């Protein structure tokens, strides 16, 4: 089947999609967006978390066909998404004009120094919340959505919001630090 | 199945997702001792960092492995015809298609068949492999392979494996352990005998016995086993792979492909965690075989179900202990017997036995010991390396024993441990002196002195916050039946490879001027698995060479071995190699400077010279030259192996020998709250104090301690691979049924880092990664015992153990 949907503000089309493919598979293998990770394929680990019309979902459990005509935000589009939210230009997703302006952001060929990041992405780096990093994309999408809803979360709020995202490296302490840091910077307007 | 649309960005003929150099530019600060940020951090938070499962190549095929559905059986027949006839399938291979005389591999003992031959020895053993143009096509084709099995009896524990009529897991063993084991279903046996236990036993006022069970834990790294094999024009293959040790893989892969090692090129792809589970080969050989057979790139990615079968686990264990002590609280002796279940193949079992035995008494002064550790061959899943490596199981048992003895003597458990704590100069049961700081009593003092978390934290003006109570959002209690308990534990772990292993690392360091700035490039084969080794290498280069810009070259086999990313060894050994290579580069740079500028300033010949801030300076602080001018157009490069001090094997009869390089210590205090009616546990806080010698990157060090602590928490209260004792089949190979701690299960983990330098180690550092995984588990168990008054001799603890329903 052919699939038409919007990914990170850009209209996307995928042909020859087998009906059994997940949204995660189409993003990773057909659209060249491997940022969303596949670690369990049964909705337990959250590594594949993306936003579907604004709602965080495990993209491994979404049949690709269910994304038809809808808007998806992945970790690759998180920085743009956060910037537009900060500018107040989009509720979720991207306006048509902005979509036409959209350019792949992307890190340069070195460390990505100078890459513009969403506040939550920068906070993950600064707080040491990234080790192997495999859970990071899903956690970032989930944490960003939580901070959008709840700019001043308690620790229990953070733990509840991120309880669907497994991390095996960090023991979560630095992830807590990172989300607190992002919230603090957000409230200070940094 | 439809074919793929090509991602627009991919260049023809080149795989995408191949690692590139990462440069930290002048904006990055940080030599050793600073919390420098990861050079790959930005790539990892933008989704651009390519893991092994992200690799992509035009025209690539997907590989799939068919695994045995039974644990122990003869293979009567394999029929691949229907699978081969499936459209989209390019190859199906079985044992009969293996190209070389060598058909087995293994870390130490080459007992593992690349594909099953004649029989399978455990549930999930690879039997056949398929390559197809879509992963689903490959999966379905594999399912069409017909394998007829004739069941064999299974051996699943010590009693069945060592019974007189026990079926042998491996007939005709010819490995180097067979001569000293009492039964062919024992992989390796290590006794350790010191002093006179019989005499010491007579001095004991109390004697405490215990029998303990440790469940099978999984590494559960999040990035599944995966890689891409690309056939090369010279008949060789290039493998992009997530592993812990490229050169160890290479040594095992090349012979079964029938290729010389120089025709198997290996590059480290992005690694999504490891924790020991990538020390053994998984899909490496299978991907290479299919690539060479089809002439096309082949990618294999396990799903989570397969991952549970695709790597070894932590050895489950039975541990039998006897401790004696005098009334004044001094240990008289320890006897113990540790039975590790190695499963169907040897993997790292012999070394795990060495650790379990030599560290089996814990960080205590005990002059009279009798220890025996064995690893069994059974038809259970193969077990091997996991963070803590043999020391974890022992720590769980000896710390339970220490609490029991303290209770018997009426002593505070921390006080009792401190009275018996080893210190620098103490002799290990192996006779090896501990010749660097061993602050066991101090770590216990520190962890005990940390402020306690307030009682009844869940209470608020709006009622109980169930998220902070046992049972959490299941809303099973608002505080009724909830009892708090506190427990302590301390452990000892060796750092580096032991028992005489030639444990070296290689580093290539280059210094040159790029864009008007001096740049150091560090090239090693070290597997960055998340631990932050790349960060530390850049810090070392900055410290030693006085540069701001450091480029980390992708890890591959174009440089010498860096050894394994395990045994808490990489910062010590490859870090040591990087420092050593930097020192050699510095000497060459200074020679260059002396040649160029020596005649113009006497200090070049007379002063102690340093490289700092991009300049050559004297120890008095005088600037002699810019590195840019010293180097000019020249590049200075050194590749050099570096070794820590040698170790010795343990004597096979007495266990005596200087077997370990370095010891590391951590202590934990656990605070738990238990819903005693439902048997649910909430770990409220898990405080840790650890000596790290020197924290090269404090942020990463704390991250390692918290991560290791949490894996210990997991095996205390939830993590266990359940194997059916009748069939030896795995019952819970998924994240739905094998639970690892979520952020809601994990408490705050305050960490107190002590830095007492080990004069034998680079910068005085002590390996960090494993020690916190040891004491975390027994501390949680001790806290649950404290809350419930139950004996609890197994881990993980389940609700039924706390409610008296088993």
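Details
- Those strands (runs of 3 or more DSSP E) of the stretch B:8-111 in which 3 or more residues are away from chain A (no Cβ under 14 Å) occupy B:61-67, B:73-79, B:89-93.
- Qualifying residue in the stretch B:210-229 (condition: at negative phi, part of a helix (DSSP H, G or I) and in contact with a strand residue (DSSP E or B) (Cβ under 9 Å, 6 or more places away or on another chain)): no
- Checking residue B:737 against (1) closer than 29 Å to residue B:224 by Cβ; (2) in a loop (DSSP other than H, G, I, E, B); (3) more than 10 Å from every other protein chain (Cβ to nearest Cβ), the condition it does not meet: (3)
- Of the residues screened, residue B:351 is one that is on the phi < 0 side of the Ramachandran plot, part of a helix (DSSP H, G or I) and assigned by TED's automatic domain parsing to the domain that holds residue B:195.
- The stretch A:162-190, residues that are surrounded by fewer than 20 Cβ atoms within 10 Å (Cβ to Cβ) and within 9 Å of another protein chain (Cβ to nearest Cβ): A:163, A:164
- Where residue A:50 falls short, out of the listed (1) surrounded by 21 or more Cβ atoms within 10 Å (Cβ to Cβ); (2) closer than 23 Å to residue B:222 by Cα; (3) at the interface with chain B (Cβ under 10 Å from one of its Cβ atoms): (3)
- Note on the stretch B:249-346: enclosed strands (runs of 3 or more DSSP E) holding 3 or more residues that are within 14 Å of chain A (Cβ to nearest Cβ) and modelled with pLDDT of 95 or more are B:298-301.
- Scope the stretch B:685-704; condition over 17 Å from residue B:38 (Cα atoms), under 19 Å from the mean Cα position of the chain (by Cα) and within 12 Å of chain A (Cβ to nearest Cβ); matching residues: none
- Condition check for residue B:772: more than 24 Å from residue B:276 (Cα to Cα) and within 14 Å of chain A (Cβ to nearest Cβ): no
- Residue check, residue B:130 farther than 19 Å from residue B:379 by Cβ, touching a strand residue (DSSP E or B) at 6+ places or on another chain (Cβ under 9 Å) and modelled with pLDDT of 95 or more: yes
- All strands (runs of 3 or more DSSP E) inside the stretch B:453-534 with 2 or more residues being in contact with a strand residue (DSSP E or B) (Cβ under 8 Å, 6 or more places away or on another chain) and within 14 Å of chain A (Cβ to nearest Cβ): B:517-523
- Qualifying residue in the stretch B:665-680 (condition: more than 28 Å from residue B:470 (Cβ to Cβ), away from chain A (no Cβ under 14 Å) and under 20 Å from the mean Cα position of the chain (by Cα)): yes
- Filtering the stretch A:53-64 to residues that are more than 11 Å from chain B (Cβ to nearest Cβ), within 22 Å of residue B:44 (Cα to Cα) and outside any strand (DSSP E or B) leaves only A:59.
- Matching residues in the stretch B:140-157 - criterion: being surrounded by fewer than 18 Cβ atoms within 10 Å (Cβ to Cβ) and part of a helix (DSSP H, G or I): B:143
- In the condition set (1) within 7 Å of another protein chain (Cβ to nearest Cβ); (2) assigned to a helix (DSSP H, G or I); (3) within 24 Å of residue B:30 (Cβ to Cβ), residue A:159 is compliant with all but (3).
- Strands (runs of 3 or more DSSP E) wholly inside the stretch B:570-629 that include at least 1 residues being closer than 30 Å to residue B:768 by Cβ and in contact (Cβ under 8 Å) with a residue 12 or more places away in the chain: B:609-612
- Take the conditions (1) in contact with a helix residue (DSSP H, G or I) (Cβ under 6 Å, 6 or more places away or on another chain); (2) more than 19 Å from residue B:110 (Cβ to Cβ); residue B:243 misses just one of them, which is (2).
- Looking across the stretch B:179-204 at every residue that is touching a helix residue (DSSP H, G or I) at 6+ places or on another chain (Cβ under 8 Å) and part of a loop (DSSP other than H, G, I, E, B), the one that is surrounded by the most Cβ atoms within 10 Å (Cβ to Cβ) is identified as B:185.
- Residues satisfying the stated conditions in the stretch A:5-45, i.e. assigned to a loop (DSSP other than H, G, I, E, B), closer than 19 Å to residue B:303 by Cα and either more than 10 Å from chain B (Cβ to nearest Cβ) or under 11 Å from the mean Cα position of the chain (by Cα) (or both): A:35, A:36, A:37
- Among the candidates B:173, B:139, the residue that is under 20 Å from residue B:341 (Cα atoms) and out of contact with any helix residue (DSSP H, G or I) (no Cβ under 7 Å at 6 or more places or on another chain) is uniquely B:173.
The values are calculated or read from the model by the stated rules, or taken from the named source; none is laboratory data. Values in this document were obtained by computation on a predicted structure and should not be read as measured data. For neighbour counting, all protein chains shown are included, and Cβ atoms are generated from backbone atoms with ideal geometry for every residue, glycine included.
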